[in-house]
1. Taking neighbour counts of Cβ atoms within 10 Å as a proxy for exposure, in what order, fewest first, do A:15, A:200, B:87 appear?
2. Angle, helix A:37-58 long axis vs. longest principal axis of chain A, Cα atoms, 0 to 90°, nearest 10?
3. Against the longest alpha carbon principal axis of chain A, how many degrees, from 0 to 90 and to the nearest 10, is the axis of helix A:160-176 turned?
4. Taking beta carbons within 10 Å but only from partner chains, what does the mean come to for residues B:91-97?
5. Hey, what's the Kirkwood Rh for the range A:267-394 if you take every pair of different alpha carbons, in angstrom?
6. Which whole-number percent gives the relative contact order of chain B, counting Cα pairs below 8 Å spaced six or more residues apart?
7. So for the range B:2-112, taking the charge dipole from beta-carbon charges (+1 Lys/Arg, -1 Asp/Glu), which of B:107, B:43, B:59 sits furthest toward the positive end?
8. If we count other beta carbons within 10 Å of each Cβ, what is the order of A:81, A:401, fewest first?
Amino acid sequence: MTQPEREPSSVHRTIDAVWRLESPRIIAAVARLVNDLGLAEELAQDALVAALEQWPGSGVPDNPGAWLMVVAKRRAVDLIRRERRLERKIAELGHELETEGDDADLETALDPERIEDDLLRLVFTACHPVLSTPARVALTLRTLGGLTTDEIARAFLTSESTVAQRIVRAKRTLAQAGVPFEVPAGPERAARLASVLEVIYLIFNEGYAATAGDEWIRADLCREALRLGRVLAELAPEEAEVHGLVALMEIQASRMRARTGPSGEPVPLLEQDRGRWDRLLIHRGFASLLRARALGGPPGPYVLQAAIAACHAQAATAEDTDWVQIVGLYELLARTAPSPVVELNRAVAVGMAFGPERGLAIVDALVDEPSLKNYHLLPSVRGDLLARLGRTAEAAAEFTRAAALTRNAPERRLLHRRAAELAERPG
Amino acid sequence: MRFLMMTTDDGSPQEPPSERLEAEMGAFIAEMSKAGVLLATGGLEPGGTYITAKDGKITVTDGPFSESKETVVGFALVEVRSREEAIELSKRFWQIVGDGRGVIKQVFGPEDLPGQ
C-alpha cells in the first residue's frame, strides 16, 4: 500500500515564504557582525531551524522577519562573546568586554539603510572572483535567492550533494582567502561589479537557453535572475550597467511566451507572434534602459545588448525592424566587448540590413574560430545566409551540420526539416 | 507566479489617509520594489464606468453605484515564488494600513494553463 504524500502544513509553507523573503537580509546583517559569509549563513539557518521547531506550536509571529533576524543576531552575538571570552583568557586581558557595543549592533539590525549596505556587501562577497563560476552561482542563489540546495540542483541538472559540497567549499574558500565582507571601492569596484553581473546573467541564461531539463524550473531560474537584478538595481542605482542588465533581462523575458512552439520547438525571434510578448516586461525594460542612459557615460556591453533588444521590442512586425540601427549597436558592442558570438550576431544584422552577401563575408571569417567549433548557431546562420543567396546545396549541408550540434531535440528536427526542404529545391 | 493583490472597499465615505499613513505606504511600496517583487501598482477611482453586454446590446453606465457591495480601490501586481509569499507581503501591507479588506488572485501565465 502506498502512502499518499502529505502536503506540508500551512505553517511550513509560510515559514518557507518568510525565509525566501527575509533570508538575504538576515544573512547579510549577521555577516556584517561576524565578518564571515559562511558562518552568517549557518547562523541564519539556525534561526530557520528554531522557527521550524517553534512556530508550528506557537503560531507565526506578527513580524516573522524580525523574529528570525533577532534569533540569528542573538546567536551571532553569543558566538562573538564566547570567542572574545576565549581570546581574553588566552591573552589574560583584564578589561571588561564592551557589551553595549553588541546591543547597539542588535538595535541597528533593522535599520533599513544599514540593511541595504549589508545586502550589497553580500552580493559582492557571494560573487567574489576568488570563487569558481559554479560556486558563485550556487552561493548567490543560496544566500540571495533563498533557494534550497535541492532547488539549485534541480535547476542546474546536478545532484543535491554536488551543490551542497560546492557551497561548503565556496564558504571555506572565502574564509581561507580572508575575503572581507565589504563593498569594494576604487578601481576594484568595476571588475567586481562585472563579476556580479556575469553571475546574474548566467543564471538568467541557464534558464533562458533551456538546452535541457524541466522547462518550468528553468523559467523559474529566469525569474530568479530578474528578481536579483531588480534588487541590485535598487542597491546600486548609480551603476548604468546594472540597469542595462535588468533592461536586457526584462526584454528577453518578455518573449518567454512566444519563443517556444506547441511541441517545444524554439521559435526564432523574427517568426515570433509579437502579440504574445509581455508588454509589461517590455515597458519595464525600457524604463531600466532610460535609467541607464540618464546616468550618462559611454554605454557598456549590457546597455548595448539591452538597446538591441529594445530595437526588436519596438518593431511592431519583424519587417519593421530597424536593422541599420541594430548594426550600429553591434559595431559598438564589438568594440567594447568583442567576441566571436557578437561577431556572429553582427553578421545576422548586417545580412538583414545590407544583404546576405555582406553578412556571409563576416560569417566566413568566423568559420575557423575555435570557440565556435561546436556552436550550432554558426552553421545555422551561415545556412540561412546561403539559402537567401540561392546556394541551396551548401545551405542544406550547413543546416545538417547545425542539427548535429544542437542539444535541443525540437530544434534539431526543425533544422533537419530546413535541410530537407532545401535539398528538394533545384539548386 | 504573478499575483494581483487588491484592496476593496464597500463604497462608504472614508477619511482620506493621514500623512503618516501615506508615508508608510510609500515606504512599503519602495521596500517591495527593492525586494524585486513589485511589477506595478496603482490606486483606482471610486466610481468608474460599467459596461454590460447583453443579447448584443452594450450598455455603458457611469458610477458611483450604490448597489455594488465591494469595489477594488487599489492594486499591486507582484511576481513571487508562491502564494504564501504574496500572502506574507499582503500581511505587511495590512499591518501598515490597519482595518480593511483585500483579495489576492493569481494572474495566470502560460505555465499555469493546462494543455498549453
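What follows draws every value from the coordinates through simple rules; no lab data is involved. Just so we're clear, the structure is a prediction, and the values are computed from it rather than from any experiment. Neighbour counts are summed over all protein chains in view; Cβ atoms, including those assigned to glycine, are modelled from backbone coordinates with ideal geometry.
1. Working: A:15 21, A:200 26, B:87 17.
Exposure proxy ranking, most exposed first: B:87, A:15, A:200.
2. So the helix axis and the longest Cα principal axis differ by about 70 degrees.
3. Helix A:160-176 sits roughly 60 degrees off the main axis of chain A.
4. Working: counts 6, 4, 0, 0, 2, 0, 0.
Mean number of neighbouring Cβ atoms from other chains: 2.
5. On the way: mean 1/r = 0.0633 Å⁻¹.
Taking the inverse mean of 1/r over all distinct Cα pairs, the range A:267-394 comes out at 15.8 Å.
6. Numbers: 158 pairs, mean separation 56.3, N = 116.
Over chain B, the number comes to 49 percent.
7. Among B:107, B:43, B:59, the one farthest towards the positive end of the dipole of the range B:2-112 is B:107.
8. Numbers: A:81 13, A:401 17.
Sorted ascending by nearby Cβ count, the order is A:81, A:401.
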